[in-house]
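Trainee: What follows is a structure written as structure tokens; I'll ask about it next.
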Amino acid sequence: MSDSKSKWRRIVVKLSGEALMGQASHGLDARTVEAIAADLAGAARLGVETAVVVGGGNFFRGIAGAETGIERARADSIGMLATVMNALAMEHAIEKQGQPARALSAVAMPSLCEPYSRQAALHHLGKGRVVVLAGGTGNPFFTTDTGAALRAAELSADVILKATQVDGVYSADPKLDPNAQRYETLTHDEAIAKNLAIMDTAAFALARETKIPILVFSIKEPGAICAVLKGVGRATLVTP
């Protein structure tokens, strides 16, 4: 370990597919991907074992596909393939920063990337590589939020970093309600009582059961991941 200023030893970052498309309507924005990759590489250089779970909404969202008439299980499978595309892009972008990375997929496609296993992920983390986790849970009907909570539990992560478009948890959507209250800290029970949408229900229930804290922050600011790890970035901490 380096002289990390982070209080967290091992993290799982939940990154939506939409976060990778910048101002575009879909796909990948090269500058945005590069900036996030630099931030993830910076986290690893702090001495923090870093895993990132990527969504696929910039290419295809399973639930949206189901609404157009595609069978839900099949639509979710297409969405899982979208996450693999994002994982391969992030793996490449992180390595361009000079930081070793490995993409692991819960949906086996060994000609493209390594199949996910707990042992493989822990091995790569121990070697200082950023682990990019694709394929969600590997099953339909579960979101990549749930995938992030599951991987955090499996890998004994100290915290889940939930990257969003706002700088924490609010009582209402701050873009729609100027009087929305921002929370600095919350407990899992308070978030449930206040009906605050931290993550989807299954993901949040798993994080609560396994007593893993969640840091909710905005990914829009450069260096946001490293900033919240050092305790200087704006974020809401949701604790057991």
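Trainee: Quick check: pseudo-label points 7 Å beyond the Cα along Cα→Cβ at residue 23 and residue 109, how many nm apart are they?
Mentor: Taking the two extended label points, one gets 3.1 nm.
Trainee: Something else: With each label point set 7 Å from Cα along the Cα-Cβ vector, what nm distance links residue 73 and residue 118?
Mentor: For the pair residue 73/residue 118, the computed spacing is 2.6 nm.
Trainee: Taking the chain as a Gaussian network, where each spring joins two C-alpha atoms under 10 Å apart, which residue of 165, 119, 99 fluctuates the most?
Mentor: Taking springs between Cα atoms under 10 Å, the residue moving most is 119.
Trainee: Taking 22 Å as R0, compute the FRET efficiency from the Cβ-Cβ separation of residue 221 and residue 45 and round it to 0.05.
Mentor: For residue 221 and residue 45, the calculated efficiency is 0.75.
Trainee: Please check: in the Gaussian network model of the chain (C-alpha springs, under 10 Å), which one of 185, 68, 201 has the largest mean-square fluctuation.
Mentor: 68
Trainee: With the cut-off at 18 Å, report for the range 130-240 the share of all Cα pairs above it, as a whole percent.
Mentor: More than 18 Å apart: 50 percent of the Cα pairs in the range 130-240.
Trainee: Another question, then. Checking the cross-link filter: which aspartates and glutamates have an alpha carbon closer than 18 Å to that of residue 7, excluding same-chain neighbours under 8 positions apart?
Mentor: Correct list for residue 7: 39, 49, 158, 184.
Trainee: Given Cα positions, please report Rg to Rh for the chain, the hydrodynamic radius being the Kirkwood one.
Mentor: With Rg and the Kirkwood Rh in hand, the quotient comes to 0.94.
Trainee: Are any of the pairs 162/220; 96/127; 194/230; 162/230; 14/230; 96/230 more than 21 Å apart by Cα-Cα distance, and if so, which?
Mentor: Distance filter (> 21 Å) returns 194/230; 96/230.
Trainee: Name the residue, out of 66, 205, 134, whose mean-square fluctuation peaks in a Gaussian network model built on the chain with Cα pairs under 10 Å.
Mentor: Of 66, 205, 134, the most mobile in the Gaussian network model is 66.
Trainee: Residue 93: net charge of surrounding residues, Cβ under 13 Å, Lys/Arg +1, Asp/Glu -1, itself excluded?
Mentor: Combined, the nearby Lys, Arg, Asp and Glu give -3.
Trainee: Something else about it: Out of residues 5 or more away from residue 161 or on other chains, whose amide H comes under 5 Å of its own, with H placed 1.01 Å from N in the peptide plane?
Mentor: 12, 13, 14, 215
Trainee: Still on this structure, please answer the following. Got a sec to turn the phi values of the range 164-172 into Karplus ³J(HN,Hα) couplings, 6.51 cos²θ - 1.76 cosθ + 1.60 with θ = phi - 60°, whole Hz, x for Gly and Pro?
Mentor: Here the 3J(HN,Hα) series is 10, 9, 10, 8, x, 9, 10, 5, 8 Hz.
Trainee: With every protein chain kept in place and ligands, DNA and RNA left out, what is the accessible area per residue of the range 64-212? Probe 1.4 Å, answer in Å².
Mentor: 49
Trainee: While we're here: Between residue 92 and residue 201, what is the spin-label point distance in nm, taking each point 7 Å from the Cα along the Cα→C-beta axis?
Mentor: 3.9
Trainee: At 1.4 Å probe size, with the rest of the protein present, what percent of the exposed accessible area of the chain is carbon and sulfur atoms?
Mentor: The nonpolar share, carbon plus sulfur, comes to 52 percent.
Trainee: Here is a further query. Using the Karplus equation 6.51 cos²θ - 1.76 cosθ + 1.60 (θ = phi - 60°), what ³J(HN,Hα) coupling, rounded to whole Hz, does each residue of the range 192-209 give in order, writing x for Gly and Pro?
Mentor: 5, 4, 8, 6, 8, 7, 6, 9, 5, 4, 5, 5, 5, 4, 5, 4, 5, 5
Trainee: Here is a further query. Which whole-Hz ³J(HN,Hα) couplings does the range 111-117 yield from phi under the Karplus relation 6.51 cos²θ - 1.76 cosθ + 1.60, θ = phi - 60°, glycine and proline marked x?
Mentor: Calculated HN-Hα couplings, in order: 6, 10, 7, 6, x, 6, 8 Hz.
The values are calculated or read from the model by the stated rules, or taken from the named source; none is laboratory data. On a predicted model such as this, the values are computed, not experimentally measured, just so you know. Note that we place each Cβ from the backbone using ideal geometry, even for glycine, and neighbour counts take in every protein chain shown. The area values use the complete protein model at the heavy-atom level, side chains included, leaving out ligands, DNA and RNA. Shrake-Rupley method; radii C 1.70, N 1.55, O 1.52, S 1.80 Å.
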